[in-house]
Amino acid sequence: MQWRGRRQSDNIEDRRGMSTGGMGGGGGFRLPTGGRGGGIGIGGLVVILLISWALGINPLALLSGDMSTDSGSQQQQTGTRPQGQSSDETTAFVRTILAETEDTWGKIFQASGETYQKPTLVLFSGQVRSACGNATSASGPFYCPVDRKVYLDTDFFRELSQRFGASGDFAQAYVIAHEVGHHVQNLTGVLPEFNQRRQSMSESQANALSVEVELQADCYAGIWGKSTQQKGILEAGDLEEALNAAHQIGDDTLQKKTQGYVVPDSFNHGTSAQRVEWFRRGFESGRVEDCDTFSADI
């Protein structure tokens with residue numbers, strides 16, 4: 001990608017190098033590293049925590065209780081940010097990609113007579129406290145609809161390349177664009193409806209609905225990709241990087257790698273083929289109306 005020298009977003013909150021207290025107790029949780037998920041506890045905090053990159057984790061397991069943003073969910077930090085981190089190349093890349101998503105969705109919302117409310121992207125290292133609860137780097141990048149923030153430990157980019165076999169700057173950009181896609185869903189009411197409908201569903205039904213939510217976020221990431229292509233930012237091989245990333249984090253591929261077999265009823269993000277298809281659909285179309293995964297035959 002030809003991202004250098006472009007506008008960088010100011011909607012960045014850099015918490016790297018800051019320590020977060022109280023990771024245990026009622027606000028803490030643990031995340032499995034593969035398989036069918038489970039074992040996630042968040043006490044009384046309310047969450048719609050859509051973790052799109054964790055290994056086989058069911059995001060529905062993080063949903064419980066009634067939505068609240070009490071003072072106990074606020075960030076408590078000590079320490080100072082290491083010198084130089086806020087201006088390193090990775091930070092510049094993240095700021096640039098976030099700015100590009102702001103431009104893309106700003107124009108789309110404006111065309112519908114609406115104003116796009118930009119999310120904040122929180123950079124953290126090791127662990128972080130969000131309005132949706134505590135998280136560690138093991139959770140991967142995630143979007144919290146309660147505080148409308150995307151959370152990213154940039155060390156995940158190394159994980160994406162080394163563990164998932166998805167290298168390249170456009171693959172990394174896809175990570176950010178996907179989480180911003182969840183923010184768009186939050187603004188348009190998709191996530192609140194998802195949370196409401198799942199309350200009366202079985203686990204397998206809720207998983208199926210989660211797949212539709214995730215695939216739409218992939219399609220929205222594709223729409224952003226189309227915008228970058230129209231600006232002439234993309235280089236040869238960039239699209240293939242994103243498609244490979246979409247393939248590598250499909251439920252079936254992850255389950256085969258981590259447990260040697262697949263359990264379709266536990267899929268909550270979509271198969272590799274589905275994730276590739278919906279990113280490509282958004283990329284080729286560039287139209288929001290073509291990302292209606294809920295009416296499609298998934």
Which of the residues that make up the range 1-13 are over 23 Å from residue 234 (Cβ atoms) and modelled with pLDDT under 95?
none
State all residues of the range 254-298 that are assigned to a helix (DSSP H, G or I), over 20 Å from the mean Cα position of the chain (by Cα), farther than 15 Å from residue 209 by Cα and of a type outside the set (D, E, K, R); if no residue qualifies, say none.
258, 259, 285
Looking only at the range 270-278, decide whether some residue is modelled with pLDDT of 95 or more and among the acidic types (Asp, Glu).
yes
Residues of the range 177-210 satisfying the condition of being of a type in the set (D, E, K, R) and either under 13 Å from the mean Cα position of the chain (by Cα) or assigned to a loop (DSSP other than H, G, I, E, B) (or both)
179
Name the single residue that is surrounded by the most Cβ atoms within 10 Å (Cβ to Cβ) among those in the range 153-206 being closer than 20 Å to residue 137 by Cα and of a type in the set (Phe, Trp, Tyr).
174
Suppose we filter 150, 128 for residues that are buried (at least 23 other Cβ atoms within 10 Å of the Cβ), aliphatic (A, V, I, L, M) and modelled with pLDDT under 95; which single one remains?
128
Going residue by residue through the range 233-240, is there one that turns out to be under 16 Å from residue 174 (Cα atoms), open to solvent by 10 Å² or more (accessible area, probe 1.4 Å) and assigned to a helix (DSSP H, G or I)?
yes
What's the total number of residues in the range 255-295 that are open to solvent by less than 50 Å² (accessible area, probe 1.4 Å), free of Cβ contacts under 8 Å to residues at least 40 places away in the same chain and within 21 Å of residue 191 (Cβ to Cβ)?
0
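Which one is farthest from residue 188 (Cα to Cα), of the residues in the range 131-147 that are small (Gly, Ala, Ser) and open to solvent by less than 50 Å² (accessible area, probe 1.4 Å)?
In this case the residue turns out to be 137.
The values are calculated or read from the model by the stated rules, or taken from the named source; none is laboratory data. Since the structure is predicted, the reported quantities are computational estimates derived from the model, not experimental observations. With ideal geometry, Cβ positions are generated from the backbone for all residues, glycine too; neighbour counts draw on all protein chains shown. These area figures cover heavy atoms from the full protein model, side chains too; ligands, DNA and RNA do not enter into them. Shrake-Rupley method; radii C 1.70, N 1.55, O 1.52, S 1.80 Å.
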